[in-house]
Amino acid sequence: ADAAVRAVARKLGLSLRDQGQLTVFDEPARDPRGATLSVVLWAVGGALVMGSGIWSMHFVGMLALALPIEIGYAPSITLLSWLAAVAVSLIALFIASRERLGTGALLLGALTMGGGICAMHYIGMAAMRMEPGIVWDGLWVAISAGIACGASAVALLLFFGLRRLKGARARWAQWGDR
């Protein structure tokens, strides 16, 4: 029964993440004339939706973890983890709103987004209340940060590459993994 609950929680988390990202990236928040109020509100709303989708996927995944000890979560630290997810989503939307993705923007975006993803994850882990506590291995933390930055770079490259597609090819590329 526990395995089934964890499987359902994992599927729910992935669904929440996907819905958040589809909602945000389905309507571009770009205005070539500058940052109008509607563009700013769209970006903030998009960051709230996407950040909440990403965060809820991770948090539901953490809830699906079955350990032989009791686990609790500190509400204020958990909220801080959510805020990190929303902030990194706002950064991602800002980068995605650019016309071009140059090398500098790619590197800065990947480092910033990867750092934000790590912040969300490790702040969320720090919110866990359990005995014994978590013992971190610096090497694995650094490796995970490298993976987060690398995955962020790939995501940005894919997003900008997919944005060039038009018509049926664009719809196929967007929905091909479903």
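The values are calculated or read from the model by the stated rules, or taken from the named source; none is laboratory data. Everything numeric in this text was worked out from a predicted model, so none of it was measured. Cβ: placed from backbone, ideal geometry, glycine included. Neighbour counts: every protein chain shown. Note: accessible area is taken over every heavy atom of the protein model, side chains too, but ligands, DNA and RNA are not part of it. Shrake-Rupley method; radii C 1.70, N 1.55, O 1.52, S 1.80 Å.
Each of 130, 159, 147 was scored by the projection of its Cα onto the charge dipole of the stretch 105-178, and the greatest displacement toward the positive side belongs to 159; charges sit on the C-beta of Lys, Arg, Asp and Glu. Each part reduced to its alpha carbon centroid, the stretch 94-134 and the stretch 144-169 end up 15 Å apart. Sorting the segments 138-146, 104-112 by their mean number of nearby beta carbons within 10 angstrom, highest to lowest, gives 104-112, 138-146.
Leaving out ligands, DNA and RNA, and with a 1.4 Å probe, what % of the accessible surface on the stretch 73-152 is carbon or sulfur? Walk me through the intermediate numbers first.
Values: 3300 of 4400 Å².
The computed percentage sits at 75.
To one decimal place, what orientation-averaged projected area in nm² is obtained for the convex hull of the Cα set of the stretch 86-178?
On the way: hull surface 31.3 nm².
Directional mean of the projected Cα hull area for the stretch 86-178 stands at 7.8 nm².
Using the average count of surrounding beta-carbon atoms within 10 Å as a protection proxy, the listed peptides 87-95, 124-132, 69-77, 41-49 rank, highest first, as 87-95, 41-49, 124-132, 69-77.
In the context of the full set of protein chains, residues of the stretch 105-178 present 65 Å² of accessible surface per residue (probe radius 1.4 Å, heavy atoms only).
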